[in-house]
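**Student:** Please see the structure below; I have some questions.
The values are calculated or read from the model by the stated rules, or taken from the named source; none is laboratory data. Being a predicted model, the structure only gives us computed values, none of them experimental. Positions of Cβ are generated from backbone atoms using ideal geometry, with glycine treated the same way; all protein chains shown enter the neighbour counts.
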Amino acid sequence: MKTPARILADQVNRIQKSGRFSPRSASLPTWCPGCGYFGIHQGLNDCISRLGLPLAEIVTVSGIGCAGRYPFFSNTYGLHTVHGRALPAATGVKLANPNLTVFAVGGDGDGLAIGGGHLPHIARRNIDVNYLLFDNSIYGLTKGQPSPSSPIGTKTKASPYGTVDKPLNATLMALSYGASFVARLFAGDPKGITEALIEGVRNPGFSFFHIYTTCVTFDKNFKTWTHLKEWTHALSQDYNPNDLRRAFNEVLNDDFSLGVIFKRDI
Amino acid sequence: MPEVDFTVEVCGMAGDGTIAAGGLINEAMSLGGFSVLGFDSYPAEIRGFGRCVTNSRIGSNDIVALGEKTHALISLNDEQSRSRAPFLAEHSLVFFDSNPPAYVSEDNSLLSVLPPGEEVFGMPFGELAVGASGSSRGRNLTALGGFAAVTGTDPNLFRKVIRDKFKSKGEKVVNINVKSFDAGYQYALEKFSDRLKSVFPKIETGHDPQKVTLSGNQAIGMAAIDAGLKLYFGYPITPATPIMEYLAKYLPEHGGRVVQMEDEISSIGAVLGSFYAGARSMTATSGPGFALMTELITHGVMAEIPAVILDAQRGGPATGLPTKTEQSDLHAAVFGGPGDSARIVIAPTNVEECYHFVIRSFQLAEKYQTPVIVLTDFFLDNRVENRPFIRASEGQAASWNVFPDDAFKDRYQRYADTPSGISPRALPGMQGFNFTATGLEHTEKGSPDYSSENHAKMSEKRHRKIRYALKDLEKPAEFFVSDNLDVGVIGWGSTFGSVLEAVEKSRKNGFKVGALKITSLFPYHSETIKAFMAKSRRVLVPELNYEGQLANLIAHLDSKPVERLNFVTGAPIPPSAIQNRIEELLEVVA
């Protein structure tokens, strides 16, 4: 005989199995096995679950690239736009319906090269969009060309003699543009991503998440799992994210400290 | 009452108050019960470099095109006005400053280039203004006073519109300006007492209160507000900027917002984002900005997201002629961008249509879930008309959104392949309809799919939807059409007024001529156009572009060649040029 408790447990089980309330879409991600994006996916999904946000009231906006496919792997509403234009579209979505929680996702090519002109403006308008920049310093979907964050000397098929351009530092840019919330994170630490996202989603303005990640297929030298694990470390215990000057110092002195770098006092 | 058809020009240097004076003439004549069509041309430079000219055609009957010959010229700067002398009709009235400011050089007098027979009225505009107000800034108003006195216009019309114009600046400013006008009026009455005319008799019926003096840009801004616009995203560009400025001023009080974006790409991106989330939004631009938008416009086509884009055309290509008019973005509007990206393109032909078409564009975008491009041009945006103007009710501007039925909850197919091609569209926030809109080719469900069968099926669906939209698009309108015509003239956009006037005049000369006005440019009503071409022995398409872009679009509909009349002078087509071409063709036909 089924007790009421058993019936309830069965129902909970069925709902969990149906995936109806899971932010994780039934379509499996098409990223390469071992890709850092799985860690970011985990981190963002956990943030949504922990905040208990209704999936129908979240919009995930993306541009083009491996990260551009993100909305298909999420059960939220999704808007997969053209290359580099996630931020303007996200601006439109948020202003049209401020009740929605808006995530914009994209890679370093999408956000720092073709779409690089939009970052300063969404930051200075302080639109309440949460922007996750997946920074692996390589163009993956077009099969391995240097990106604006590749270090000098990066050798690819498109730069056989090594690149000569200086890399951009997205965290430093976001601070300079006046973003009201800036965090630097690592795809190998989904828990850290979740914690920072929860804080950032609660920030009623533009929140920028610079996430170091890997491209296991096209980058065997720079942002590998081994290197990133070795290089990254938490911000010091006594770090105060409300101090913009200190934030600049931190970012100028250390490329790999992780955590909430800056948070404007409200 | 004798028929009035009178054209006045005011010409001066940027900064002389030329545009303001022209605007007051339009308002005063409209108040007097006349039909008015006004058009300003101004330089790209702000002050001190260029010539400003306003042209106002004033009539007792409806005015649909600009005047070609000037009957009165008010010169605020002779050096600039010399260029207007060739446009003067015989025995026209010329008002000039008999004691011009020091910056106008003496050897540049207007009088030396005037043909004999013009009636000249020299008045010390500046001194009269100083006498009346203590400042020479009111020169343009003393000139208007002279014009009103000599043409026999009721001075109260001018006093009223001057008061209205300056009332926001306080009683003192109003009085100073009215005094300046009166000083000119009195001076001219006395000085030219033996040469006063009666050009503008008092119209007994007076002003039709439904007649509103509006520019195309104002009508577009009003339409956006009446359509319940929530968000305007734009980037400054001539000649579309006045739309943004109008909305920036008036939209907030109606609950909307104007956001000046970082470029045209982000403007259209944000428009798509906000329509995706369910809010009416729009952007307005001109050719160079439109070119930047094309990729995202095709994203709207592919992802089936509504958008309203107004392209106020100017001379091109590239930066081209920012302050001149042209109709050369038609191909870009219809075909611009990657892939088979059929969208809706409509073009109003007058100020009243600007208003109604913009309201309709939101509804079309919502129902057909595709970008709708409204094509205007510099001449249409900046021309002023005073036609009976009835604003749309809330019902007339109602949403045409097609939402999914609750029965489809949890098994919703965003891009369902329906007979009309229209798939009900869910908005974020609706539970159980979550989907991802994408610019990748996708299945009915919305998942990326590059298979041959799927691309063929979904391309067909999107094009079927656009063809289906024809039933909601305005049909071409026929004017003076009988079973057979010697010449059928097809016009679109700002040019149509000239077409209509030319056809009317040719008919008065006894010729069998008719006109067809096309306002739906894509998709277009090929059967109606075909029938019109079939009953015309010759077909003429006058356009403001080099090759004949509308002619290119419709030439295949009939076996006889389409005659093209193309102007790329940066100015509107004079009706007489079309009339001459019609009559040339008639000689060949005969």
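**Student:** B:PRO209: more than 14 Å from chain A (Cβ to nearest Cβ), part of a loop (DSSP other than H, G, I, E, B) and free of Cβ contacts under 8 Å to residues at least 12 places away in the same chain, yes or no?
**Tutor:** It is true that B:PRO209 is more than 14 Å from chain A (Cβ to nearest Cβ), part of a loop (DSSP other than H, G, I, E, B) and free of Cβ contacts under 8 Å to residues at least 12 places away in the same chain.
Okay, residues lined up against (1) over 18 Å from B:ASP340 (Cα atoms); (2) out of contact with any helix residue (DSSP H, G or I) (no Cβ under 9 Å at 6 or more places or on another chain); (3) surrounded by fewer than 24 Cβ atoms within 10 Å (Cβ to Cβ):
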site	(1), (2), (3)
B:ASP263	yes, no, yes
B:ILE268	yes, no, no
B:SER274	yes, no, no
B:ALA291	no, no, yes
B:ILE305	no, no, no
B:VAL308	yes, no, no
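**Student:** Let me ask you something else. Are any of the residues in region A:5-15 surrounded by fewer than 22 Cβ atoms within 10 Å (Cβ to Cβ) and not in a helix (DSSP H, G or I)?
**Tutor:** No - not one qualifying residue is present in region A:5-15.
**Student:** What about B:LYS471, is it surrounded by fewer than 16 Cβ atoms within 10 Å (Cβ to Cβ), within 14 Å of another protein chain (Cβ to nearest Cβ) and either among the charged types (D, E, K, R) or within 30 Å of B:PHE511 (Cβ to Cβ) (or both)?
**Tutor:** no
**Student:** Here's something else I'd like to know. Looking only at residues in region B:357-378 that are among the β-branched types (Val, Ile, Thr) and not in a strand (DSSP E or B), which one is surrounded by the fewest Cβ atoms within 10 Å (Cβ to Cβ)?
**Tutor:** Looking at residues that are among the β-branched types (Val, Ile, Thr) and not in a strand (DSSP E or B), I get B:ILE359.
**Student:** Going by the structure shown, is A:THR30 closer than 30 Å to A:ASP219 by Cα, more than 7 Å from chain B (Cβ to nearest Cβ) and assigned to a strand (DSSP E or B)?
**Tutor:** No.
**Student:** If you don't mind, another one. Take region A:33-63 and flag every residue that is crowded, with 23+ Cβ neighbours inside 10 Å, more than 12 Å from chain B (Cβ to nearest Cβ) and closer than 23 Å to B:GLY429 by Cβ.
**Tutor:** Those that are crowded, with 23+ Cβ neighbours inside 10 Å, more than 12 Å from chain B (Cβ to nearest Cβ) and closer than 23 Å to B:GLY429 by Cβ: A:LEU44, A:CYS47, A:ILE48.
**Student:** List, please: which pairs have Cβ atoms under 8 Å, are six or more places apart or on different chains, and start with a residue in region B:427-440 that is without any contact (Cβ under 8 Å) to a residue 40 or more places away in the chain and end with one that is outside any strand (DSSP E or B) and among the β-branched types (Val, Ile, Thr)?
**Tutor:** B:ASN434/A:THR76
**Student:** Select, from B:VAL503, B:VAL481, B:VAL499, the only residue that is of a type in the set (A, V, I, L, M, F, W, C) and modelled with pLDDT under 95.
**Tutor:** Of B:VAL503, B:VAL481, B:VAL499, the one residue that is of a type in the set (A, V, I, L, M, F, W, C) and modelled with pLDDT under 95 is B:VAL481.
One line per residue, one yes/no per condition, for (1) within 28 Å of B:GLU441 (Cβ to Cβ); (2) in contact with an Asp or Glu (Cβ under 7 Å, 6 or more places away or on another chain); (3) at pLDDT below 95; (4) surrounded by fewer than 24 Cβ atoms within 10 Å (Cβ to Cβ):
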| site | (1), (2), (3), (4) |
| --- | --- |
| A:PRO23 | yes, no, yes, yes |
| A:GLY65 | yes, yes, no, no |
| A:ASN75 | yes, no, no, yes |
| A:HIS80 | yes, no, no, no |
| A:GLY84 | yes, yes, no, no |
| A:GLY116 | yes, no, no, yes |
| A:ASN126 | no, no, no, yes |
| A:LEU132 | yes, no, no, no |
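Residues are listed down the side, and each one gets a yes or a no for (1) buried (at least 19 other Cβ atoms within 10 Å of the Cβ); (2) within 11 Å of chain A (Cβ to nearest Cβ); (3) acidic (Asp, Glu):
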| residue | (1), (2), (3) |
| --- | --- |
| B:ASP405 | no, no, yes |
| B:GLY429 | no, yes, no |
| B:LEU440 | no, yes, no |
| B:HIS455 | no, no, no |
| B:SER459 | no, no, no |
| B:ARG464 | no, no, no |
| B:ASN484 | no, no, no |
| B:VAL489 | yes, no, no |
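**Student:** Could you grab the pairs with beta carbons closer than 9 Å, sequence gap of 6+ or different chains, first residue in region A:85-96 and at the interface with chain B (Cβ under 7 Å from one of its Cβ atoms), second one surrounded by fewer than 24 Cβ atoms within 10 Å (Cβ to Cβ) and assigned to a helix (DSSP H, G or I)?
**Tutor:** Short answer, once both residue conditions are applied: A:ARG85/A:ILE114; A:ARG85/B:GLU295; A:PRO88/A:HIS121; A:THR91/A:HIS121; A:THR91/A:ARG125.
**Student:** If you go through region B:206-214 one residue at a time, do you hit one that is surrounded by fewer than 22 Cβ atoms within 10 Å (Cβ to Cβ), of a type in the set (Val, Ile, Thr) and at pLDDT below 95?
**Tutor:** yes
**Student:** Sort out which residues of region A:155-179 are in a loop (DSSP other than H, G, I, E, B) and either modelled with pLDDT under 95 or within 16 Å of the chain's Cα centre (by Cα) (or both), and write them in order of number.
**Tutor:** A:ASN169, A:ALA179
**Student:** Restricted to region B:289-335, and to residues that are in a strand (DSSP E or B) and at pLDDT 95 or above, which residue is nearest to the other protein chains (Cβ to nearest Cβ)?
**Tutor:** Ranking the qualifying residues of region B:289-335, first place goes to B:ALA307.
**Student:** Which one of the conditions (1) at pLDDT below 90; (2) at positive phi; (3) among the small types (Gly, Ala, Ser) does B:GLY33 fail to meet, given that it meets all the rest?
**Tutor:** (1)
**Student:** Output yes when any residue across region B:537-552 is in contact with a Pro (Cβ under 6 Å, 6 or more places away or on another chain) and touching a residue at least 24 places away in the same chain (Cβ under 8 Å), and no when none is.
**Tutor:** No, because not a single residue in region B:537-552 is in contact with a Pro (Cβ under 6 Å, 6 or more places away or on another chain) and touching a residue at least 24 places away in the same chain (Cβ under 8 Å).
**Student:** Is it the case that region B:106-123 has a residue that's touching a Gly at 6+ places or on another chain (Cβ under 7 Å) and either surrounded by fewer than 19 Cβ atoms within 10 Å (Cβ to Cβ) or modelled with pLDDT of 90 or more (or both)?
**Tutor:** The answer is yes; a qualifying residue exists.
**Student:** I'd like to know if region A:74-82 contains one or more residues that are in a strand (DSSP E or B), within 14 Å of another protein chain (Cβ to nearest Cβ) and within 23 Å of A:LYS143 (Cα to Cα).
**Tutor:** Looking through region A:74-82, at least one residue is in a strand (DSSP E or B), within 14 Å of another protein chain (Cβ to nearest Cβ) and within 23 Å of A:LYS143 (Cα to Cα).
**Student:** Can you spot a residue in region A:227-237 that is part of a loop (DSSP other than H, G, I, E, B), modelled with pLDDT of 95 or more and among the aliphatic types (A, V, I, L, M)?
**Tutor:** Within region A:227-237, one or more residues are part of a loop (DSSP other than H, G, I, E, B), modelled with pLDDT of 95 or more and among the aliphatic types (A, V, I, L, M).
**Student:** Please go through region B:45-62 and give me each residue that is part of a strand (DSSP E or B) and either at pLDDT 95 or above or of a type outside the set (Lys, Arg) (or both), ordered by number.
**Tutor:** Listed by number, the residues that qualify are B:CYS52, B:VAL53, B:THR54, B:ASN55, B:SER56, B:ARG57, B:ILE58, B:GLY59.
**Student:** Related question: Of all the residues that make up region B:258-285, how many are among the charged types (D, E, K, R), in contact with a strand residue (DSSP E or B) (Cβ under 9 Å, 6 or more places away or on another chain) and facing chain A (nearest Cβ under 7 Å)?
**Tutor:** 0
**Student:** On to the next question. Answer yes if at least one residue in region B:248-258 is buried (at least 23 other Cβ atoms within 10 Å of the Cβ) and in the same structural domain as B:ALA365 (by TED's automatic domain parsing), and no otherwise.
**Tutor:** Looking through region B:248-258, none of the residues is buried (at least 23 other Cβ atoms within 10 Å of the Cβ) and in the same structural domain as B:ALA365 (by TED's automatic domain parsing).
**Student:** Restricting to region B:327-352, and then to whatever is acidic (Asp, Glu) and touching a strand residue (DSSP E or B) at 6+ places or on another chain (Cβ under 9 Å), can you tell me which residue is farthest from B:VAL308 (Cα to Cα)?
**Tutor:** B:GLU352
**Student:** Take the residues in region B:227-257 that are farther than 18 Å from B:LEU380 by Cβ, hydroxyl-bearing (Ser, Thr, Tyr) and not in a loop (DSSP other than H, G, I, E, B), then tell me which one is nearest to the other protein chains (Cβ to nearest Cβ).
**Tutor:** Restricting to residues being farther than 18 Å from B:LEU380 by Cβ, hydroxyl-bearing (Ser, Thr, Tyr) and not in a loop (DSSP other than H, G, I, E, B), the top hit is B:TYR232.
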